[in-house]
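Structure record follows, encoded as structure tokens.
The values are calculated or read from the model by the stated rules, or taken from the named source; none is laboratory data. Nothing here was measured: the structure is a model prediction, and the numbers come from that model. Neighbour counts run over all protein chains shown; Cβ positions are idealised from the backbone, glycine included.
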Amino acid sequence: MNKRFTTRRAVMKGLASSAAITLAGCSTTEPPTYGNVLRMGDWLTYNAHRLLLPRQSLAREYDLRDISAAPAIGTTDPTDPSQGGFMQEFAEDYARLLNGGFADWRLTVEGSVAKPSGFSLEDLKRMRSRTQITRHACEEGWSAIMEWTGVPLRAVLEAAGVLPDARFVQFHCYDAFIDGIDMLDALHPQTILAYGMNGRELPIAHGAPLRVRVETQLGYKSMKFLRGLVVTSEFDDNGPYGQIQNGWSWYAGI
Amino acid sequence: MSNAIESTVPQRHALWVRVSHWVLAFSVFTLAYSGFYILLVHPRLYWGEVGNDLTPALLELPLNDNHRPEAWQQTVTFDTLANTPISASRTEDIFNANGWARSLHFLAGWIFVVAGAFYFAFGVVTRHLWRDLWPRRGGSYSLLQRCAYTGVAFVLLPFMVLAGLAMSPQVVAAFPILLHVFGGHQSARTLHFFGFVAITAFAVGHVAMVVLTGFGRHMRAMIVGR
């Protein structure tokens with residue numbers, strides 16, 4: 001349901017005509033403004049939320065009967081060359097893993113961790129699990145309520161042993177996108193890596209075998225088709241694979 | 001000064017009134033402009049917590065092709081659940097300018113909130129709000145004008161801020177009461193849209209009255225203060 005790819009090409013075209021959003025790559029210790037006037041507003045929102053709002057409030061959870069129809073947008077099949085996030089190398093890997101029922105799939109956890117690890121789906125399912133019925137709010141304006149089952153990101157990070165300098169968690173995906181959240185959202189009790197949806201295995205269109213659910217931000221931060229996590233001490237915009245250079249706010253809590 | 005004289009002498013606006021007026025006017029215009037672009041991405045309105053292309057809409061605004069997209073391919077029926085919800089995949093790109101439109105909207109929102117707080121604080125301290133805007137007879141403005149100004153400044157615009165905040169995932173996690181007050185995420189969005197319509201109607205009426213009752217005189221009063 002990550003939206004941003006929907007129109008990645010359109011956005012790129014739009015960027016060409018909108019000099020105000022043209023950004024240079026860079027890496028800083030803070031979510032960047034790049035001196036860009038639009039990013040300054042996003043920076044203000046991020047810092048105001050972190051400063052003024054109570055930490056790690058829980059998003060509302062719903063009943064089974066509230067579960068609604070749910071669009072799948074953005075990348076719905078990483079092996080489809082017509083989709084925005086397609087990358088040949090990842091598509092071949094993904095097709096192979098899918099063929100094997102994801103038995104050979106591993107979630108790599110690297111960066112600022114004591115034990116860089118690779119977790120199989122079975123490993124993750126053996127960890128503690130959380131099931132939550134939450135509302136997915138897409139930046140486009142629509143919303144849907146779905147049930148997600150997965151392992152709290154906190155549990156995975158604990159298993160890998162996060163080092164004290166860790167400040168961000170980056171999600172690397174088979175649709176070639178990379179995006180991240182800060183540690184506050186990463187350790188939020190409702191931030192899970194979901195392998196189940198509405199009582200079934202996570203469908204391909206929704207990010208099989210594993211996707212993120214960040215319930216305190218808009219849908220586009222809930223990355224699909226996870227490949228690995230990288231824990232970092234510095235902010236990284238991930239260049240053209242990230243949100244910012246494509247014109248989107250890194251922080252999507254609003 | 002008698003009321004009769006006051007109502008014929010052009011209003012003299014203090015510097016802080018002039019500055020706040022133009023900063024607020026600029027931010028509200030930018031909010032309306034960027035908000036319209038945000039609406040164009042999904043010109044369908046709903047009531048309650050959820051609404052999307054796979055659920056019925058309260059209102060479909062035929063502003064572009066996005067109001068009734070047909071490029072959906074059904075992928076899953078969740079027969080694991082009693083109400084067997086479905087999921088479908090979008091098969092075509094849609095118009096989406098939300099990258100810049102959302103960021104611009106919130107930047108303008110910040111400017112609006114800061115300028116609005118400044119205006120309110122000065123308005124209370126100088127008694128400007130009571131003297132010139134509060135609905136009562138007498139003073140420079142008619143009762144109707146006072147009702148319009150008060151309604152927009154102290155009812156409609158704050159309502160828009162709250163309805164906007166009710167759509168923020170981080171804010172409603174912290175203050176779930178916002179969701180209950182507005183009847184859900186999509187209800188808040190729908191009410192935010194009707195608020196936009198009302199503010200636009202006020203702005204059109206306001207500018208029309210300025211033009212009809214002496215454009216140069218009013219503009220001079222709001223720019224140089226005399």
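Counting the residues of the range B:199-226 that are among the aromatic types (Phe, Trp, Tyr) and touching a residue at least 12 places away in the same chain (Cβ under 8 Å) gives 1.
For the range A:55-79, the tally of residues that are more than 18 Å from the chain's Cα centre (by Cα), among the charged types (D, E, K, R) and surrounded by 15 or more Cβ atoms within 10 Å (Cβ to Cβ) stands at 3. Within the range A:123-161, the set of residues being touching an Asp or Glu at 6+ places or on another chain (Cβ under 8 Å) and surrounded by fewer than 19 Cβ atoms within 10 Å (Cβ to Cβ) comprises A:Thr131, A:Ile133.
Identify all residues within the range A:41-50 that are more than 7 Å from chain B (Cβ to nearest Cβ) and aliphatic (A, V, I, L, M); write none if there are none. Step through it out loud before you land on a result.
Let us first name the residues in the range A:41-50 that are more than 7 Å from chain B (Cβ to nearest Cβ), namely A:43, A:46-48, A:50.
Scanning the range A:41-50 gives a single hit, A:Ala48.
Remark: pairs (first residue in the range B:173-189, charged (D, E, K, R); second residue at pLDDT 95 or above; Cβ separation under 6 Å; 6+ apart in sequence or on different chains) = B:Arg189/B:Met167. Within the range A:96-113, if we keep just the residues that are touching a strand residue (DSSP E or B) at 6+ places or on another chain (Cβ under 8 Å) and not β-branched (Val, Ile, Thr), the residue that is farthest from A:Ser249 (Cα to Cα) turns out to be A:Arg106. From the list B:Leu45, B:Leu143, B:Leu61, the one residue that fits, being loosely packed, with under 15 Cβ neighbours inside 10 Å, of a type in the set (A, V, I, L, M, F, W, C) and closer than 29 Å to B:Phe26 by Cα, is B:Leu143.
Listed here are the residues, each with its yes/no results for (1) modelled with pLDDT of 95 or more; (2) surrounded by fewer than 17 Cβ atoms within 10 Å (Cβ to Cβ); (3) of a type outside the set (Ser, Thr, Tyr); (4) not in a helix (DSSP H, G or I).
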{"site": "B:Leu157", "(1), (2), (3), (4)": "yes, no, yes, no"}
{"site": "B:Leu178", "(1), (2), (3), (4)": "yes, no, yes, no"}
{"site": "B:Thr190", "(1), (2), (3), (4)": "yes, no, no, no"}
{"site": "B:Thr200", "(1), (2), (3), (4)": "yes, yes, no, no"}
{"site": "B:Val204", "(1), (2), (3), (4)": "yes, yes, yes, no"}
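Condition test on B:Phe196, is it without any contact (Cβ under 8 Å) to a residue 24 or more places away in the chain and within 14 Å of chain A (Cβ to nearest Cβ)? The answer is no for B:Phe196. Of all residue pairs spaced 6 or more apart or on separate chains, those with beta-carbon atoms under 9 Å, a first member in the range A:51-72 that is more than 7 Å from chain B (Cβ to nearest Cβ) and a second member that is assigned to a helix (DSSP H, G or I) and among the small types (Gly, Ala, Ser) are A:Leu52/B:Ala174; A:Gln56/B:Ala173. Could you tell me whether A:Leu187 is in contact (Cβ under 8 Å) with a residue 60 or more places away in the chain, surrounded by fewer than 23 Cβ atoms within 10 Å (Cβ to Cβ) and either within 14 Å of chain B (Cβ to nearest Cβ) or more than 24 Å from A:Ser57 (Cβ to Cβ) (or both)? No; evaluated as a whole, the condition is false for this residue.
Do we find that A:Val230 is more than 11 Å from the chain's Cα centre (by Cα) and either closer than 21 Å to A:Leu44 by Cα or surrounded by fewer than 24 Cβ atoms within 10 Å (Cβ to Cβ) (or both) in this structure? Criteria met by A:Val230. Hey, can you tell me all the residues within the range A:80-106 that are part of a helix (DSSP H, G or I), loosely packed, with under 15 Cβ neighbours inside 10 Å and aliphatic (A, V, I, L, M)? Once the filter is applied, which keeps residues that are part of a helix (DSSP H, G or I), loosely packed, with under 15 Cβ neighbours inside 10 Å and aliphatic (A, V, I, L, M), the range A:80-106 yields only A:Ala95. Listed by first and then second residue, the pairs with beta-carbon distance under 8 Å, at least 6 apart or on different chains, first residue in the range A:240-254 and more than 7 Å from every other protein chain (Cβ to nearest Cβ), second part of a helix (DSSP H, G or I) and among the polar types (S, T, N, Q), are A:Pro240/A:Asn246; A:Tyr251/A:Thr45. Among all residues of the range A:119-131, there is none that is within 17 Å of the chain's Cα centre (by Cα) and not in a loop (DSSP other than H, G, I, E, B). In the set (1) over 21 Å from B:Val155 (Cβ atoms); (2) surrounded by 18 or more Cβ atoms within 10 Å (Cβ to Cβ); (3) touching a residue at least 60 places away in the same chain (Cβ under 8 Å), B:Ser103 fails one condition alone, (3). When the residues of the range B:63-114 are filtered to those that are in a loop (DSSP other than H, G, I, E, B) and hydrophobic (A, V, I, L, M, F, W, C), the one that is farthest from A:Gly84 (Cα to Cα) is B:Ala82. Residues in the range A:140-169 that are part of a strand (DSSP E or B) and farther than 21 Å from A:Leu202 by Cα: A:Val162, A:Phe168, A:Val169. Could you say whether any residue in the range B:7-26 is part of a helix (DSSP H, G or I), over 26 Å from the mean Cα position of the chain (by Cα) and modelled with pLDDT under 95? Yes, that holds for at least one residue. State whether the residues of the range A:196-203 include one that is within 14 Å of chain B (Cβ to nearest Cβ) and either touching a helix residue (DSSP H, G or I) at 6+ places or on another chain (Cβ under 7 Å) or under 21 Å from A:Val113 (Cβ atoms) (or both). Checked the range A:196-203: at least one residue is within 14 Å of chain B (Cβ to nearest Cβ) and either touching a helix residue (DSSP H, G or I) at 6+ places or on another chain (Cβ under 7 Å) or under 21 Å from A:Val113 (Cβ atoms) (or both).
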